[in-house]
Structures are given as C-alpha cells and as structure tokens.
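The structure under discussion appears below in the form of structure tokens.
The values are calculated or read from the model by the stated rules, or taken from the named source; none is laboratory data. Quantities reported herein were computed from a predicted structural model and do not represent experimental measurements. We place every Cβ from the backbone using ideal geometry, glycine too, and count neighbours over all the protein chains shown. Areas reflect the complete protein model, heavy atoms only, side chains present, ligands, DNA and RNA absent. Shrake-Rupley method; radii C 1.70, N 1.55, O 1.52, S 1.80 Å.
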Amino acid sequence: MVHPQLLKSAAIVDTDEDDNAFTKYRDKAYQYDDEDCDYNIEMFECYNIKKWNQRTSAQMLLGAPSPYQPETSEGLPQVHLNTAKRSGGILEDVPTQSTTFDRQSETVSSTAILVLINNYAVSYIQQDGTKKTVYAKDGWNLLDLAHSNNIELEGACEGSLACSTCHIVMQKEFYEKLEEPSDEENDMLDLGHLLGCSMAFTLTSKHILTHYQNKDLDSVAKLK
Amino acid sequence: MFKVAVIGSGPAAFYTAQHLLKSRSNVSIHMFEKLATPFGLVRFGIAADHQDAKKVANKFDELATHYQKEGRFQFVGGVEVVGSEDADAVANASLSQRRLPFSLLRKNYDVVIAAYGAESAKTMPLKQGRAVSAHDFVQWVNGHPDSIGHSDMFAHHLEAETAVVVGHGNVALDVARVLLDDVDSLRRTDVPDNVLQVLAESKVRHVRLVARRGPFQMAFTAKELREMTKLPNASYMPNELLSSEPYKSSDSLPWLDRSPKRLMQILHGSGDAKAIKSKSWALDWYLSPHQILQDENTKSIKAIQFQKTSPVSSVVPFGSKIELVPNEFVDMPCGLVISSLGYTGLPLPNCSEDLPFDARSGVIPNIQGRVIDPATKAPIEGLYASGWIKRGAVGVIAATMYDAVETADSILADLETAKPDASKQGFAGIQAHLGGKAVSYDGWKVLDEHERKEGAKRGKLREKVVDLKSAMRIIDMGDK
C-alpha cells in the first residue's frame, strides 16, 4: 500500500529546485577552500540538513573520507557533531526538536533517516531531529551500525531482508553512485511502493559502506 | 498515568503500543487478546517458510518484557472483548474464552484502541459448489486454534493433483508454495507435526493461480513472486497472454507503475521449458469464477468453470478499477479450488452502538486513527483504530508500522491537552468481571518455552500447542 506521506516527502527532494540548490551550494562551498574538500562537504551537508528539515525528513550524503579522529567507545568509535565547529556553527541551526518538522516528517518518524558524510563516518538524523555521527567499519550495514550506537531504526526482521521496515532516505545524487541493488533488495523496495522516487533505501543485508568503497572513491574527488 | 487499552496483539497493536510507550512516560498499556497467545498474524499469518519475517516477534517480546518490568505494559490473553449482552454469558464462558464488555473498557480506560485486524476471509461468490478458503488453509498450516481437527479435511483435499487458487495476492502465493514445495523444507519450522504429515502425503502436482482481472492488477509483491519463480521443485509455465501486447512490452509502457513493471519483468525473465521439474505452476488472467463442477457419482471436484472476461478495449488494462466485459464460459479441470480473495474486518460482536463499523469497507470509520461517528464525522473521544481494522486488509508489516505510528501520533497529540481521568480504574475496574485469571505475558512465556522445547526435541523451531485447552493447562501449570 502506498504510504502517501512518505512518498510525498521523499519525492520533494527530487525536484529541480533542490537539485539546483544542491549544485549551487556545493559550488559555493568549494569556493571557500579549494584544498580542504572535507570542509566543503560539511558545509554543503549542513545546508541541506537545515533546508530539508523544513520540508522533508532528511537525506543521506556521501562525501570524502573524513579527517576527524574518532573517539573510541564500545567497539565502534563515535564522533559527536565535530562538524559544527568546522562549518561555522551552521549546525546550530539544525532543529533539535521534532516540533520543527512538518506533519509529513512526523509521520515517517518511525524510520531513522540519515546523512552519510563519508565512507567511514555516518551521520544519522534521528527521529527528534538531532544528528548523531558514528564511525563504521568495513562490512557493517547501516542497520547494525545504528543499533550498535543506540540509534533507533526499526528493523523488524533483524536484517534478514524480509520486512522492509528499515527504510532510510538518502540524497539522490549519491544514491545514484551506488551500484544497483540486488534483485532481492530491489524487490523489497517495492513493498509499500516506497521507492517510487528512488530516494528510500533498505538497509538490511546490503553492505552499503563496503559497497561504496569498492565502487569508486575517486568519484567523490570528481565532485570538486 | 494515562490508561490505555489495546484490543488485539498483532503488529498493529504492538507498533502502536511501542510508539506510545516510547514517546510518553505517563502512559500504561493493557493489551487484550482473544487468543491465549500474542503477536496475531506474525504467529498465525506469516508463511511458515518465511521465518525471517517472524523475527519481528522478538522485537515485540523485548518491548513487552521491558515495559512490563516498568509496570507500564500488561498482556491480557484469552479475553474476548464483546458487546454487553454477550458478556453477560461470562459465567458460562469456558476457561479459555473469557469475555469482557467493550463498555467496561471504555469506562475504565482513558484511551481504547481497536487493533484487532481483519480476521474474516472474503468469500468467493459461486453459483454452485464451495471453495476451500486460503484463510483456513493458512491457519491450519500455522497451527491456529480454530484449525484444530482440520487435518483430516485437508488430507482429503490434498488428494487432488491439480489445485486452482483464485486470487493474485501474496496469500495465494503462500498457499501455492506450501502446496508445491518439498515438505522437507518445512520440517525445521513451526508447522505442526500433524500438518507436516498431511503435506507429505499431498498429491498436488500442479497449481494454477487464477484472477478475474489482468496481469497489471496482480497484487503480489515482487519478492514473493520472484521466490515463486525460483522454487526448486516446481517449474513456472508461462502463459502466452504475456507474449501479446501490451504485456509483452510492459517495460516500455510509460503509464505503468514501477510495481507492476517489476512483476512483469520477473515473469518475462522466468519459465524454462527445458527444465521441467516434478511439479509446476501457472498464472491465468481474465477468468471470473462461476461454479465448481463435481463428478456426479463420486461427488469429487472435477473442474471449476470460469467466465472469460476481457478489458474494455478502448481502455488500457491498467489500474484497480479496470472495466471487464464477460465472454464465454470455460472449464478448468482440477480437484481442489482454493479462494484467496483477501480479508475483511469484522465488527466486535454486538458493539455497534459503542464502536462504529463500516460494513461495506470492513473497517472502523476513522480519520488518522481517530474513530469517528459515521453520522456526524466527529471524532469520538478516547477511541482509536490502528492497522487492518483501520485501513483494510492491505499492505505488509512495514505499512502497518507506518499506520500504527499515525494512530499513535493522533493519540499523543490528543493527550497533550488531556489530563488522566481519576475515575478510570484501569485493570482494577475490570478484574472482577473477568471471573478468573487471564493469560499474562509471563503465562505466554511459559507456553512459548514449552513450544520451543517440544520443537527442539523434533529438530524444529517450535511445536505449537494448537488446542486452546491444552495451551491453557500448560500456562496454568507453569505460571503460578
């Protein structure tokens, strides 16, 4: 069954307006500091969180390897909002209360929705609108990564690719950099027609992080 | 503390409860279940060969255990919520069937949520003969208490070589898989032993899945259809309709949605005439069931007669409201007919005055989960619906999860401006009426452990206790 709210909110990001905004702010960010790609990526990411928080749930971005050193804690190292300092405090504009979300995003709030900064650090925009950045290891999938860091993300079938409850939303530009999902995963994305806009992503047995690393690290550099 | 009563204990009930419990610390939930066991269709509906999908019960178990410890969750099993007059029979009710008047729930709880699902199978209108219901078949394979004693009946049904399943939804595929797959693939699951015995003796070799409408109206999900095309023991026999337009070039049809496109892709990429396996299955479209034809002497089924239909030619055969023209009759030889036309909700018995119900659509009328008075359209305070009884029997567990969150959000918004009503006594107000002990969550855990132990002895996940009385005895002995 179509979940109109989710379809609608996910589709919003796929508009020309946002694509233009994406390009514009990416280019602008790169102007600031040509040598520090990571900085630029952060800028761009923060902009998008801020903007999309007002209209849709969130999105997921891939960027260059992060220069930040992880703080080790309980198996997986964690990083908390280091990015805020580096990007001139833009992150402070990110709403921390779900009340700033519109009705649409409240409806999808049972799914945690994320922003992936790079192939090791992953930022999750949580249900209350706050961001949590954690570091991943090769082979971890985003569901396990979320759970091992106490980030709420429904996963009814415990990652066996059987239930499609662990949807996330990612930025289209980066979604397209991923390899085609397997037939099995693609089939799951049909459930509830959540992938009408190719924005939602099921995170079960698919190792997105590994997957991305294998794919083309250079593609990130090419963004410049 | 806001006192919340949930009627039902399936995914809709648990997801609604989860969202409420996690969002507010001043909410306590009592979950009323007609059967002795929680989890609804996770236990009795999800196909036995889809054990992965049943893992969601672990999540619900964690939730129940956690919040029971906190004193904010209680499972009240073996208690059927009914209308007042029915409940008067409470003194006569058997141990396993306690009844509770709905009005008493309303009186004692701030919030009452109907999340009891859609438990009735839609019947197939036939001029003559009666089809087996896929609902009954699935319940039997899943060891539902209502299927007790059905094994002999199904043993008889499964003497047929060809089975026709009417309906193109996932339940039809669940049925077809059980009929076609090697029974050995189910031996380590939770299918009851006596069901496995019957399935092992099954003579069914060929299954035809038939629908009144066309290929673009198939309600399968891609995952289930793909799984079907990959059955190790059963070949898919392609229907030549798919080689004709517009079905042949479904990939390039701009007006076709992604979902039917993918289903067509799967079918176009399947079916290998060279690799004939011991069993087979096929899909047929545009056939409207008319009557079942029996052998005059043996009274056994020999065929099902369909009326051929075709889509109105001026219209593309797309969308659920497709218009069909009736044509000639055609007989399809078979020994078993199973109808799988979906489910519909039922009203709570004799509760029509207190809990509105729309008989036409089989749901409780509501706006975003707030139950409304059908006449005035005004929300009825403190009354909500969630899951299939709220929106109809469509969608997988993920859809129910979103749906439950919507209802929970409505409740949370309403509670913002409300204060707990001191006159609502919660469980204390209904306990006397129950006339005995209901099944607690700990009681269920006793049965759960028993089933797992019995299963382990047999090399299975669990051996379900199908008989409700036996289940109650085990629970009573273990849960002092």
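Observations on the model:
- DSSP beta bridges fully contained in chain B are about 35 percent antiparallel.
- Rounded tilt (10° steps) of B:468-478 against the dominant C-alpha axis of chain B: 40
- With a 10 Å cut-off around each Cβ of B:433-441, the average count of Cβ atoms from other chains is 0.
- Each of residue B:146 and residue B:184 was given a label point 7 Å from its Cα along the Cα-to-Cβ line. The distance between the two points is 3.5 nm.
- Rg and Dmax of chain B, both derived from C-alpha coordinates alone, stand at 23.7, 73 Å.
- Selection of trypsin sites (Lys or Arg not before Pro), region B:315-381, meeting DSSP coil and at most 14 other Cβ within 10 Å: B:321, B:360, B:377
- Phi-based couplings in Hz for region B:282-289 (Karplus 6.51, -1.76, 1.60; Gly and Pro marked x): 8, 10, 10, 10, 6, 10, 9, x
- Diffusion coefficient of region B:121-339 by Stokes-Einstein, Kirkwood radius over Cα pairs, 4 °C, 1.567 mPa s: 71 µm²/s.
- C-alpha long axis of helix B:397-416 to longest principal axis of chain B, angle in °: 30
- Rounded to the nearest 10 Å², the accessible area of residue B:1 at probe 1.4 Å: 100
- Shown are B:223, A:131, whose ranking by accessible area with a 1.4 Å probe and every protein chain present, most to least, is B:223, A:131.
- Whole-percent carbon and sulfur share, accessible surface of chain B, 1.4 Å: 50
- Stretchable slack from residue B:249 to residue B:310, in nm (0.36 nm times residue separation minus alpha-carbon distance): 20.1 nm
- For residue B:323 and residue B:241, the difference between the fully extended length at 0.36 nm per residue and the C-alpha to C-alpha distance is 27.7 nm.
- A straight chain from residue B:412 to residue B:473 at 0.36 nm per residue would run longer than the Cα-Cα distance by 18.1 nm.
- Surface burial for A against B, with a 1.4 Å probe and both sides summed, reaches about 2800 Å² of accessible area.
- To the nearest 10, the accessible area of residue B:62 is 120 Å² with a 1.4 Å probe.
- Cross-link pairs exceeding 21 Å between alpha carbons, from the set B:59/B:445; A:132/B:69; B:54/B:453; B:69/B:453: A:132/B:69; B:69/B:453.
- A Förster radius of 25 Å combined with the Cβ-Cβ distance from residue B:203 to residue B:230 puts the calculated FRET efficiency at roughly 0.60.
- Residues with amide H under 5 Å from that of residue B:80, placed H, sequence gap 5 or more: B:98, B:99, B:100
- Degrees separating the helix B:11-23 axis from the principal Cα axis of chain B, which is the longest one: 40
- Largest first, the residues B:177, B:208 sort by 1.4 Å accessible area into B:208, B:177.
- Residues B:330, B:405, sorted by accessible area with the largest first, give B:330, B:405 [1.4 Å probe; ligands and nucleic acids excluded].
- Virtual spin-label span in nm between residue B:350 and residue B:330, 7 Å along Cα→Cβ: 5.0
- Percentage relative contact order, chain B, counting C-alpha pairs under 8 Å, at least six apart: 22
- Taking all Cα pairs closer than 8 Å and separated by 6 or more residues, the relative contact order of region B:121-339 comes to 28 percent.
- Based on protein heavy atoms only, region B:121-339 ends up with 46 Å² per residue of surface accessible to a 1.4 Å probe.
- Share, in percent, of DSSP beta bridges within region B:121-339 that are antiparallel, nearest 5: 45
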